[in-house]
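Reading through the structure tokens given below for one structure.
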Amino acid sequence: MGLFDNTTKFESSIKQIPYSQEAVYRNISDLNNLEKVRDRVPEDKVQDFSFTEDTVSLNVPPVGELKLRIIERDEPKCVKFETAQSPVPFNVWIQVLPVTETTSKMKVTVKAELNPFIKGMVSGPLQDGVEKIADALAMIPYE
């Protein structure tokens, strides 16, 4: 790590999912499947929620407009996203690993370029956000 390396990594805890790795991957690799969870998105926390197969856009007060785009699909174990629009550029990895034929486990990782000043302000909320994303993903019906 160099003096000017400001990459900060935030990882969720590992979530157990009662669906196969393939079912989970199939759902997270096509963002049109977010339609299934639209009613679970808290409107007081997220506004202007929209998506296509490869992108998701939302407005998160007080953060602002966020747009994420899938940049890599590594079937059946990982989907990588990067920000297309965000106050702070970051990448997101959603990793899915098999446990049995009918269960899997998932971890969400965010890497962001944060200067020390910003890092002090956003580390807590970002870690909390990564955990909430993982919790939400763990509750999706992946049939």
I'd like to check which strands (runs of 3 or more DSSP E) are fully inside the range 30-131 and have at least 2 residues that are open to solvent by 50 Å² or more (accessible area, probe 1.4 Å) and free of Cβ contacts under 8 Å to residues at least 12 places away in the same chain. 64-74
Filtering the range 65-96 down to residues that are more than 11 Å from residue 28 (Cα to Cα) and among the polar types (S, T, N, Q) yields 83, 85, 86, 91
Among the residues of the range 10-24, is there at least one that is open to solvent by 50 Å² or more (accessible area, probe 1.4 Å), closer than 24 Å to residue 123 by Cβ and touching a strand residue (DSSP E or B) at 6+ places or on another chain (Cβ under 7 Å)? yes
So which residues in the range 13-36 are under 14 Å from the mean Cα position of the chain (by Cα) and aliphatic (A, V, I, L, M)? 14, 24, 28, 31, 34
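The values are calculated or read from the model by the stated rules, or taken from the named source; none is laboratory data. As the structure is a computational prediction, the values presented were derived from the model and not from experiment. A quick note on method: Cβ atoms are made from the backbone with ideal geometry, for glycine too, and the neighbour counts reach across all protein chains shown. Only protein heavy atoms, including side chains, enter the accessible area calculation; ligands, DNA and RNA are left aside. Shrake-Rupley method; radii C 1.70, N 1.55, O 1.52, S 1.80 Å.
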